[in-house]
Amino acid sequence: MAFYIAVSRAKAMSRAFSPILRCMSNVPENTVYGGPKTQSPDQRVTVTHLKQKHKKGEPITMVTAYDYPSAVHLDSAGIDICLVGDSAAMVVHGYDTTLPITLDEMLVHCRAVARGAKRPLLVGDLPFGSYESSSNQVGSE
């Protein structure tokens with residue numbers, strides 16, 4: 001008998017809260033995850049834009065992201081610069097240092113962030129030593 005009463009109460013509660021549940025489950029189609037739209041979705045941040053902000057004394061914001069969901073939130077927050085750092089080796093891949101990450105792994109992170117962050121200027125780190133073609137070039141510049 002107690003089970004029957006509990007079930008009937010649950011049905012009554014679900015009927016009572018169904019308008020609220022429907023309202024809360026509405027996700028706008030134009031935004032990812034129903035979050036806020038970017039402040040100026042058509043205008044990408046450029047170096048010229050950053051120079052103008054600096055000249056006016058406006059703050060310039062920079063945040064690190066390694067994946068698509070982080071980039072989406074960063075984009076919706078109106079951040080100016082997004083850094084995809086080689087620190088992903090430690091933060092995402094679990095290495096003890098940043099040295100083991102490869103260029104291909106960094107490109108995977110950069111592509112994911114680029115899909116999520118449409119507005120900010122994207123800055124991607126090169127893995128340590130990837131720009132040296134020989135040991136003779138080290139220290140010669």
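The values are calculated or read from the model by the stated rules, or taken from the named source; none is laboratory data. None of the values given here were measured: they were computed from a predicted structure. Reconstructed Cβ throughout: ideal geometry from the backbone, glycine too, with neighbour counts over all protein chains shown.
Okay, here's what the table says:
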read-out: Pick from the range 107-123, criterion assigned to a loop (DSSP other than H, G, I, E, B) and in contact with a Leu (Cβ under 8 Å, 6 or more places away or on another chain), ranking: surrounded by the fewest Cβ atoms within 10 Å (Cβ to Cβ); value: Pro120
read-out: Residue in the range 129-141 that is at pLDDT 95 or above and either of a type in the set (S, T, N, Q) or within 17 Å of Gln43 (Cβ to Cβ) (or both) present; value: no
read-out: Hits in the range 67-86 - residues which are in contact with a strand residue (DSSP E or B) (Cβ under 7 Å, 6 or more places away or on another chain) and either touching a residue at least 60 places away in the same chain (Cβ under 8 Å) or surrounded by fewer than 21 Cβ atoms within 10 Å (Cβ to Cβ) (or both); value: Asp80, Ile81, Leu83, Gly85
read-out: The one condition in (1) at pLDDT below 95; (2) under 12 Å from the mean Cα position of the chain (by Cα); (3) not polar (S, T, N, Q) that Pro36 fails to fulfil; value: (2)
read-out: Counted residues, the range 79-103 - those being in contact with a Phe, Trp or Tyr (Cβ under 9 Å, 6 or more places away or on another chain) and of a type outside the set (S, T, N, Q); value: 9
